[in-house]
Amino acid sequence: MPPARIAVLPGDGIGPEVIDAAVGVLREAASREGVPLEVEWAPIGGAALKTSGEPLPESTLAACLGADAVLLGAVGDPAFDAEPPPRRPEAGLLKLRRAMGVFANVRPARVLPGLEGAGPLKPEVARGLDLVIVRELTGGLYFGQPRSLDLAGGSAVNTLVYTRAEVERVAEVAFRLAEGRRRRVTSVDKANVLETSVLWRTVVEEVGRRHPSVELSHQYVDSAAMALALSPASFDVVLTENLFGDVLSDEAGALVGSLGLLPSASLGRGPGLFEPVHGSAPALAGKDAANPIGAILSAAMLLRDGLGLPRAAERIEAAVEAVLSSGPRTADLLPPGAVAGRTSDVARAVREAVAARRNGRARRPRGEEAEPLRGAA
């Protein structure tokens, strides 16, 4: 088997610490499954600005486009807050997403065993939260033209536009994802008010007919937001447009208990971009205090959805569950008065748990791989 090529972009703030933890776990899981890795480290964001003057150097972009998957830490540095937008760290991430052609943001939200009381939900409600939000990334209100702001005249314009192709390709990702889960897709729109949502619903139903094993339902966004808090177990895969997905994915993340637990993937037709949901948290940088679980679970997503290696991914996920159940935890997951573990403590415990496991939770025969999760052409 040729080595899988991974571009690793630590980024800013706590990014280098959590990514160092994630890469150690990634290497351990891959080696246990006999998968060689070829890792190339590259700067992005503030770290790149400080060394090259560019938030996304050409060498970093080339490494990402030539990789099988990209693992990113976090981007953001207050030292550049006064700079114009093109000279800020975040510009590097936006440029990278455009260059990689990613269009579907996949964000799992699951309450892990032992953490039922970490969030705002009652434990008996939290226990059933295990869903994935698939958000369209490139269309909708955030990118529609024309757009304008006339403060003196007291008016502003944004344009909500979606095309059939944009809806179809992200819907395909959601249905393929559901086929490997509980086979339910809830498409969230506002078809009682918005013409774009009528198109959205029509195209999603067409895609659904190509996946007859998956149950499709539709829900208005206001109803979905309420149901997400009251009965999260009713959702499996949630498919929605850019603005609605931005709001609902943050709501789902808050219900889990800590942003430090949450992984994500941005997928297109080529290599995927995998990163924890949390930001760069500069106040925690260098203190060995950041929660590395989101980055570690992003590495698991990279193995499953980027490389088609579910056995290795499940090995990591099972190890994370074991450590959170009886091992060290960082401060964001502790009750008052408890002693927090360090980033390195958690990373070491997960890595050792990965090494100790005979296998993950997968039932796939050894050596058999799955197709990476990518969008339609």
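The values are calculated or read from the model by the stated rules, or taken from the named source; none is laboratory data. A quick note: this is a predicted structure, and the numbers were derived from the prediction, not measured. Cβ: placed from backbone, ideal geometry, glycine included. Neighbour counts: every protein chain shown.
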TODO: Go through segment 5-26 residue by residue and tally those that are under 22 Å from residue 312 (Cβ atoms), crowded, with 24+ Cβ neighbours inside 10 Å and of a type in the set (Asp, Glu).
DONE: 0
TODO: Can you tell me which residue within segment 328-343, out of those that are touching a residue at least 60 places away in the same chain (Cβ under 8 Å) and in a helix (DSSP H, G or I), is nearest to residue 17 (Cα to Cα)?
DONE: 343
Task: Residues that are of a type in the set (Val, Ile, Thr) and at pLDDT below 85, drawn from segment 321-377 - done: 339
Task: residue 265 touching a residue at least 24 places away in the same chain (Cβ under 8 Å) and either among the aromatic types (Phe, Trp, Tyr) or not in a strand (DSSP E or B) (or both) - done: no
- [ ] Evaluate segment 315-326: report whether one residue or more is among the hydroxyl-bearing types (Ser, Thr, Tyr), in the same structural domain as residue 39 (by the TED database) and closer than 30 Å to residue 174 by Cα.
- [x] no
- [ ] Determine which single condition residue 289 fails, assuming it passes every other condition in (1) assigned to a helix (DSSP H, G or I); (2) farther than 29 Å from residue 176 by Cβ.
- [x] (1)
- [ ] Quickly run through segment 125-167 and pick out the residues that are assigned to a strand (DSSP E or B), touching a Lys or Arg at 6+ places or on another chain (Cβ under 9 Å) and either aliphatic (A, V, I, L, M) or outside the structural domain of residue 186 (by the TED database) (or both).
- [x] 131, 132, 133, 134, 156, 157
Open item on the list: Criterion first (at pLDDT below 95 and either of a type in the set (D, E, K, R) or part of a helix (DSSP H, G or I) (or both)) does residue 298 satisfy it?
Closed with: no
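Let's see how each residue does on (1) surrounded by 15 or more Cβ atoms within 10 Å (Cβ to Cβ); (2) outside any helix (DSSP H, G or I); (3) touching a residue at least 40 places away in the same chain (Cβ under 8 Å):
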| residue | (1), (2), (3) |
| --- | --- |
| 211 | yes, yes, no |
| 225 | yes, no, no |
| 249 | yes, no, yes |
| 252 | yes, no, yes |
| 260 | yes, no, yes |
Open item on the list: Please return the ranges of strands (runs of 3 or more DSSP E) entirely within segment 1-114 where 2 or more residues are without any contact (Cβ under 8 Å) to a residue 60 or more places away in the chain and out of contact with any helix residue (DSSP H, G or I) (no Cβ under 7 Å at 6 or more places or on another chain).
Closed with: 37-41
